[in-house]
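What follows is a single structure, written as structure tokens, with notes after it.
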Amino acid sequence: MIELERELTFLINKLPTDLDKFPSKIIEDNFLPRAADHPVIRIRRNGDKLCITKKYPAGAENGGSGDSSHMIEHTISLSRDEYDALNSYDGKRFKKRRFAYEIDGYAAELDVYLAGLVGLVVIDFEFSSEKAMRNFKKPDFVGADITQDHSLAGGMLCGKTYADLDQHLREHYDYAPVTGVEKYEEAT
């Protein structure tokens, strides 16, 4: 399936007090190839769903930087055997818990990063039209807009730790790591 996503991404400085009432799932990504600075192919476990996706900014098809508020996404579902085979490749990985969050009438995806990226929390708002995206007013608890900050895109976060991002987040966004997120690790 090929899809155009209209989305805006923001930092979250503090977990919402009502977060635990929303459904969540663990997402594990393996970005390929490992040698790429910003890999755009990912092998994903999204709860119980397994897939391979190529995702990149619209306009970046021919080497341009593109617009990260408009993403082209090609997704193919995988069987368990296909997933296991592809996920065995040595890529750049991360893990997060995604909440299906609702605020001020907007559906959002709130991602609490885990493992090496503990402390980073972001929220994505997706829009069905250009008009809806233009008219969006971010809720008060939502922090800085990082939509166009390519250094914080999924393909750039993979394989990094919070320590790798700390100086950039502090200097550009006055962002400090969110605490109390360890409870969202997947139960073993």
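The values are calculated or read from the model by the stated rules, or taken from the named source; none is laboratory data. Computed from a predicted structure; not experimentally measured. Every residue, glycine as well, gets a Cβ built from its backbone with ideal geometry; the counts of neighbours run over all protein chains shown.
What the table shows:
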item: Candidates K95, K55, K25 - the one that is over 29 Å from H172 (Cα atoms), touching a Gly at 6+ places or on another chain (Cβ under 9 Å) and in a strand (DSSP E or B); result: K25
item: Single condition I27 does not satisfy, out of (1) β-branched (V, I, T); (2) under 18 Å from L157 (Cβ atoms); (3) in contact with a helix residue (DSSP H, G or I) (Cβ under 7 Å, 6 or more places away or on another chain); result: (3)
item: From I52, I43, I72, residue being of a type in the set (A, V, I, L, M), more than 19 Å from D149 (Cα to Cα) and in contact (Cβ under 8 Å) with a residue 40 or more places away in the chain; result: I43
item: The range 149-180, subset assigned to a helix (DSSP H, G or I) and acidic (D, E), residue farthest from K92 (Cα to Cα); result: E171
item: Test result for V112, closer than 15 Å to L8 by Cβ, within 13 Å of the chain's Cα centre (by Cα) and among the hydrophobic types (A, V, I, L, M, F, W, C); result: no
item: Matching residues, the range 115-148, being under 17 Å from the mean Cα position of the chain (by Cα), of a type in the set (F, W, Y) and either in a loop (DSSP other than H, G, I, E, B) or surrounded by fewer than 20 Cβ atoms within 10 Å (Cβ to Cβ) (or both); result: F127
item: Close pairs (8 angstrom Cβ cut-off, 6 or more residues apart or separate chains): farther than 15 Å from E5 by Cα in the range 132-143, surrounded by fewer than 14 Cβ atoms within 10 Å (Cβ to Cβ) and modelled with pLDDT under 90 anywhere; result: P139/D104
item: Hits in the range 174-183 (condition: out of contact with any helix residue (DSSP H, G or I) (no Cβ under 8 Å at 6 or more places or on another chain) and buried (at least 17 other Cβ atoms within 10 Å of the Cβ)); result: V178, V181
item: Failed item, numbered, when E186 is tested on (1) surrounded by 19 or more Cβ atoms within 10 Å (Cβ to Cβ); (2) within 17 Å of K25 (Cα to Cα); result: (1)
item: Yes/no for F22 being within 16 Å of the chain's Cα centre (by Cα) and either of a type outside the set (D, E, K, R) or modelled with pLDDT of 95 or more (or both); result: no
